[in-house]
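J.: There's a structure below that I have some questions on.
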Amino acid sequence: MQFPKKGQPVVVHIQATVPWELAQAPLDGHWFGVCRPLNLNAIGDTWAEFQECANEAIQLLLQDLLGGGELEAFLQRNGWRTAAALPAPGTKVRFDFPMAAQQKSCLDELIGAGM
């Protein structure tokens, strides 16, 4: 863990790849994505907006888990780990993690079976 400058968040490097399935709407070009392992979704008018939305969704989830003291167990359940010890709850944190995107050919492929 790095020691941040005053007022800057602690960066927590998570050793995991967060998978996203995504598709682009053919009519308006909007991006839609689903991260099934984390039960999250994201949208964006552009690819950059989609990435920002997906990152924000994961940041909020992980911050909530950290604040509730559940992040370490969550990471272990998913086979993930951090590069260093987790900071104390209440610490201003930014999580760093790689994301993998698998593009689907149509929006219908993002809907789970049986829905």
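The values are calculated or read from the model by the stated rules, or taken from the named source; none is laboratory data. Just so we're clear, the structure is a prediction, and the values are computed from it rather than from any experiment. Ideal geometry is used to build each Cβ from the backbone, glycine not excepted, and the neighbour counts take in all protein chains shown.
J.: Looking at this structure, is N55 of a type outside the set (G, A, S) and either touching a Cys at 6+ places or on another chain (Cβ under 9 Å) or part of a loop (DSSP other than H, G, I, E, B) (or both)? Before you say what the answer is, go through the steps one by one.
T.: Values: of a type outside the set (G, A, S): yes; either touching a Cys at 6+ places or on another chain (Cβ under 9 Å) or part of a loop (DSSP other than H, G, I, E, B) (or both): no.
Judged against the criteria, N55 is not a match.
J.: List pairs: first residue in the stretch 67-95 and over 12 Å from V12 (Cα atoms), second residue part of a strand (DSSP E or B) and not polar (S, T, N, Q) anywhere in the structure, Cβ distance under 8 angstrom, at least six positions apart or on different chains.
T.: From residues that are over 12 Å from V12 (Cα atoms), the pairs are L75/I14; L75/R81; W80/I14.
J.: Can you tell me which residue within the stretch 65-106, out of those that are closer than 28 Å to W31 by Cβ, part of a loop (DSSP other than H, G, I, E, B) and not basic (K, R), is modelled with the lowest pLDDT?
T.: Across the stretch 65-106, the extreme among qualifying residues is C106.
J.: Starting from residues that are touching a residue at least 40 places away in the same chain (Cβ under 8 Å) and under 25 Å from F74 (Cα atoms), keep the ones in the stretch 23-35 and report whichever is surrounded by the most Cβ atoms within 10 Å (Cβ to Cβ).
T.: Filtering the stretch 23-35 for residues that are touching a residue at least 40 places away in the same chain (Cβ under 8 Å) and under 25 Å from F74 (Cα atoms), the one surrounded by the most Cβ atoms within 10 Å (Cβ to Cβ) comes out as G33.
J.: When you look at A48, is it small (G, A, S) and touching a residue at least 60 places away in the same chain (Cβ under 8 Å), yes or no?
T.: So A48 fails the test.
J.: Taking the condition β-branched (V, I, T) and touching a Leu at 6+ places or on another chain (Cβ under 6 Å), does V18 pass?
T.: no
J.: Out of curiosity, is L62 buried (at least 16 other Cβ atoms within 10 Å of the Cβ), closer than 18 Å to C35 by Cβ and either at pLDDT 90 or above or not small (G, A, S) (or both)?
T.: It is true that L62 is buried (at least 16 other Cβ atoms within 10 Å of the Cβ), closer than 18 Å to C35 by Cβ and either at pLDDT 90 or above or not small (G, A, S) (or both).
J.: Mind listing whichever residues of the stretch 77-115 are of a type in the set (S, T, N, Q) and within 19 Å of L40 (Cβ to Cβ)?
T.: Listed by number, the residues that qualify are N78, Q102, Q103.
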